[in-house]
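Undergrad: Structure provided below as structure tokens; questions to follow.
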Amino acid sequence: MSGFAADLKPILRLFLAERRRALLLGAALSAATVTAGIALLGLSGWFITATSLAGLSTAAAVTFDVFAPSAGIRLLAIIRTAARYGERLATHDATLGVLAALRERLFRSFGEPGAARALHYRPARLLFRLTADVDALDSLYLRILVPAAVAVGAALVASLALGLMHPLFGLCFGLLLAGAGLGLPLIAGRAARNHARRRSHGIEALRSRTIDLVAGQTDLLMAGRISSQKEAIAAADRYAACADDRLNRIETGLTFGFGLVSALLLTASLLAVAALAEAKLITAPVAALGLLVAFAAVEPFAALHRGALDLGRTLLAARRIAPRLAVVVPPEPVAPPMPGYAFSLGDVCAFHEGSTAAALKDIDLALRQGERLAVIGSSGAGKSSLLALLAGELPARTGSIAATTATLLTQRTELFEDSLRGNLTLADLNASEARLHDVLAAAGLLADIGAMPQGMDTRLGEGGLGLSGGQSRRLALARLFLRDTPLWLLDEPTEGLDGATARDVLGRLSAMAAGRSLVIATHIRREAAIADYIVVIEGGRISEISRRGEAAFEKALDRLRPD
């Protein structure tokens, strides 16, 4: 249970921080609704019975006051209706507001560098966390916390009302109602917890495999794996259906058990009020009031059925989401370099998240403003890690870092299902139309976009579908040009382009980088040839530094792949 409390604590803290007043108001209105309902049913039963008995005698009929009870019934009916409307409005508005804030918090947390890298390999996870898991948490307030609190309150109110007739009657009724009303949902919730989790896992697998089938059907077809993927989807569907069947059985058993307990409790209440009336301890109208109060007090516990079955799904969602809600201490800003320098690294060691092997070891390196540096080495040697370090995406465990503001152009062009303008202005939301045309012209893409019917408002498909590889790279280059930072970090900027396109892109990049510092991670000779220095990285360490004009510089170029 301590683990459950730890998972739920950040969720509850967020609930209270976002809509504390609305949540408490909703709970209060829900309690008022149930209390008014109990009082309304009890008073109506007393009034009907008392009126019937008063009609047996002319004297009693003349003296019987029908106005005060009828006015009370009308008042309670109005209170119950208004409280019910207000409760639905307040609780659902508060819940939706909290879930919206939760989605925003999750989206921001998944935008952190470490989480973004993990989601790159499992992109469907963010979708499930933002939809299914967040939706599951609406049960925490609407179907678990509020119904449980209201049900306990109803049992207390009924126990006090029946206790006025006879203390032992009120005490026994309250204890039995609270024990059975809470005990049965708890037992059902414990029994359903694993099945609810299996259902969530099954639905997640079903959706993920279906997405893989739709998005990767070409690759699956080429590999001859379409049939096996369909079978995997069917297996996930059977797994979820089996869990659903178990949950339905538990729900049926819970409904039967609660119905049986309710019948026994109401039968016992009927016998108790009959015995009290026979002993002249209460009158017949009061007996009717007591029986109907007992009947009304049982109703709120029925609302716990759905929450009990959703408990496992809710706890699983809380366990998945809670780590993303932890307060992240922002990293200390990178110190500015000495005047005239783009960056300086002193004895730096860095590790990727979850790795025990250092990605970079004992790195001592500096670059003056306006100079260009090429970083070469075999795959996995640490070239991209060095760029990530300078971009602030990879923290240093030891050593000192001083760097100016940098922009990183990754090897993979990241484009979104949006307009060309939307993809471009990610770099600068306030860029003017003239500025956008300038960077597109500098990237050699303005003529291509001008030939499109909708120009910069042309919509792209998923991953930039609608542009060729060269056009996509030029759009990424134009986005880089919009980022007016003194240091540009380039990870194989012309990889995958044909020779003519690559030389054109590289020439435009070199021209736009005048006065800026460049760091280029590369395997290709043409990219390293524009550098002033070449750094060779092997196993996360710098093994060699050469300067243009030195024999080692030409030797390092000869090690690279030709244009």
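Undergrad: From (1) at pLDDT 85 or above; (2) buried (at least 16 other Cβ atoms within 10 Å of the Cβ), pick out the condition that doesn't hold for Ala115.
TA: So Ala115 meets the others, but not (1).
Undergrad: Which one of Met452, Met456 is touching a helix residue (DSSP H, G or I) at 6+ places or on another chain (Cβ under 9 Å), more than 29 Å from Leu367 (Cβ to Cβ), part of a loop (DSSP other than H, G, I, E, B) and not charged (D, E, K, R)?
TA: On the way: Met456 fails: part of a loop (DSSP other than H, G, I, E, B).
The unique qualifying residue is Met452.
Undergrad: While we're looking at this one, here's another question. If you check every pair at least six apart or on different chains, which have Cβ atoms under 7 Å apart with a residue in the range 287-315 that is within 18 Å of Ala154 (Cα to Cα) and assigned by TED's automatic domain parsing to the domain that holds Ala149 first and a residue that is among the basic types (Lys, Arg) and part of a helix (DSSP H, G or I) second?
TA: Matching pairs, first to second residue: Gly307/Arg143.
Undergrad: Then there is this: I need a count of the residues in the range 506-563 that are over 30 Å from Asp484 (Cβ atoms) and hydroxyl-bearing (Ser, Thr, Tyr).
TA: Total meeting the criteria: 2.
Undergrad: Please pick out the residue among Ala27, Ala50, Ala6 that is surrounded by fewer than 20 Cβ atoms within 10 Å (Cβ to Cβ) and either assigned to a helix (DSSP H, G or I) or modelled with pLDDT of 80 or more (or both). Quick ask: steps written out before the conclusion?
TA: Details: Ala27 fails: surrounded by fewer than 20 Cβ atoms within 10 Å (Cβ to Cβ); Ala50 fails: surrounded by fewer than 20 Cβ atoms within 10 Å (Cβ to Cβ).
The match here is Ala6.
Undergrad: What's the number of the condition Glu538 fails, among (1) within 23 Å of Leu360 (Cα to Cα); (2) surrounded by 14 or more Cβ atoms within 10 Å (Cβ to Cβ); (3) of a type in the set (Asp, Glu)?
TA: That leaves (2) as the condition not met.
Undergrad: If I filter the range 187-228 down to residues being small (Gly, Ala, Ser) and not in a helix (DSSP H, G or I), which single residue comes out as nearest to Gly307 (Cα to Cα)? It would help to see each step written out before you state the result.
TA: In the first step, residues of the range 187-228 are kept if they are small (Gly, Ala, Ser); the result is 188-189, 191-192, 196, 200, 202, 205, 208, 215-216, 223-224, 227-228.
Keeping just the survivors that are not in a helix (DSSP H, G or I) gives 216, 224.
Values: Gly216: 38, Gly224: 44 Å.
Result: Gly216.
Undergrad: Okay, moving on. Taking Leu168, is it surrounded by 14 or more Cβ atoms within 10 Å (Cβ to Cβ) and part of a helix (DSSP H, G or I)?
TA: Details: surrounded by 14 or more Cβ atoms within 10 Å (Cβ to Cβ): no; part of a helix (DSSP H, G or I): yes.
The answer is no for Leu168.
Undergrad: Restricting the first residue to the range 224-241 and requiring it to be of a type in the set (D, E, K, R), which pairs with a second residue that is surrounded by 12 or more Cβ atoms within 10 Å (Cβ to Cβ) meet a Cβ separation below 7 Å and a spacing of at least six or different chains?
TA: Listed by first residue and then by second, the contacts come to Asp237/Leu206.
Undergrad: Select, from Arg88, Arg103, the only residue that is at pLDDT 80 or above, surrounded by fewer than 17 Cβ atoms within 10 Å (Cβ to Cβ) and closer than 23 Å to Thr210 by Cβ. Steps first, please.
TA: Working: Arg88 fails: closer than 23 Å to Thr210 by Cβ.
Step by step, each of Arg88, Arg103 is checked, and only Arg103 is at pLDDT 80 or above, surrounded by fewer than 17 Cβ atoms within 10 Å (Cβ to Cβ) and closer than 23 Å to Thr210 by Cβ.
Undergrad: Is it true that some residue in the range 334-347 is in a loop (DSSP other than H, G, I, E, B), in contact with a Gly (Cβ under 9 Å, 6 or more places away or on another chain), more than 25 Å from Arg547 (Cβ to Cβ) and not assigned by TED's automatic domain parsing to the domain that holds Ser517?
TA: Yes: one or more hits.
So that you can scan it fast, the table gives a plain yes or no per residue for (1) at pLDDT 90 or above; (2) surrounded by 21 or more Cβ atoms within 10 Å (Cβ to Cβ):
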position	(1), (2)
Arg249	yes, no
Leu271	yes, no
Gly290	no, yes
Ala303	no, no
Asp310	no, yes
Leu325	no, no
Glu332	no, no
Ala335	no, no
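Undergrad: Report, by residue number, each residue of the range 448-473 that is more than 22 Å from Leu373 (Cα to Cα) and surrounded by 14 or more Cβ atoms within 10 Å (Cβ to Cβ).
TA: Going through the range 448-473, the residues more than 22 Å from Leu373 (Cα to Cα) turn out to be 448-472.
Within the range 448-473, Asp448, Ile449, Met456, Thr458, Leu460, Gly463, Gly464, Gly466, Leu467, Gly470, Gln471, Ser472 meet the criteria.
Residue by residue, here is whether (1) under 34 Å from the mean Cα position of the chain (by Cα); (2) over 19 Å from Gln411 (Cβ atoms) holds:
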site	(1), (2)
Ser432	no, yes
His437	no, yes
Asp491	yes, no
Gly499	no, no
His523	no, no
Ala528	no, no
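Undergrad: Another one. State all residues of the range 513-525 that are surrounded by fewer than 19 Cβ atoms within 10 Å (Cβ to Cβ) and either part of a strand (DSSP E or B) or out of contact with any strand residue (DSSP E or B) (no Cβ under 9 Å at 6 or more places or on another chain) (or both); if no residue qualifies, say none.
TA: Ala514, Gly515
Undergrad: Working only within the range 405-430, note down all residues that are among the polar types (S, T, N, Q) and under 12 Å from Gly464 (Cβ atoms). Don't jump to the end; show me each part of the working.
TA: Applying the first criterion (among the polar types (S, T, N, Q)) to the range 405-430 yields 405, 407, 410-411, 413, 419, 423, 425, 430.
If the condition is that a residue be among the polar types (S, T, N, Q) and under 12 Å from Gly464 (Cβ atoms), then Thr413, Ser419, Asn423 are the ones that fit.
Undergrad: Same structure again: Which one is modelled with the highest pLDDT among residues in the range 474-503 that are surrounded by fewer than 17 Cβ atoms within 10 Å (Cβ to Cβ) and among the acidic types (Asp, Glu)?
TA: Across the range 474-503, the extreme among qualifying residues is Asp484.
Undergrad: Consider only pairs whose beta carbons are under 8 Å apart and that are at least six residues apart or on different chains; among these, list those whose first residue lies in the range 426-443 and is assigned to a helix (DSSP H, G or I) and whose second residue is charged (D, E, K, R).
TA: Hits for this filter: Arg435/Asp428; Leu436/Arg421; Val439/Arg479; Ala442/Arg508; Ala443/Arg474; Ala443/Arg508.
Undergrad: Can you work out which of the residues in the range 406-418 that are of a type outside the set (A, V, I, L, M, F, W, C) and out of contact with any Leu (no Cβ under 7 Å at 6 or more places or on another chain) is surrounded by the most Cβ atoms within 10 Å (Cβ to Cβ)?
TA: First pass over the range 406-418, keeping only residues of a type outside the set (A, V, I, L, M, F, W, C): 407, 410-414, 417-418.
Still in the running and out of contact with any Leu (no Cβ under 7 Å at 6 or more places or on another chain): 410-414.
Numbers: Thr410: 16, Gln411: 15, Arg412: 13, Thr413: 20, Glu414: 13.
Looking at residues that are of a type outside the set (A, V, I, L, M, F, W, C) and out of contact with any Leu (no Cβ under 7 Å at 6 or more places or on another chain), I get Thr413.
The values are calculated or read from the model by the stated rules, or taken from the named source; none is laboratory data. As the structure is a computational prediction, the values presented were derived from the model and not from experiment. Here Cβ is always computed from backbone atoms with ideal geometry, including for glycine, and neighbour counts include all displayed protein chains.
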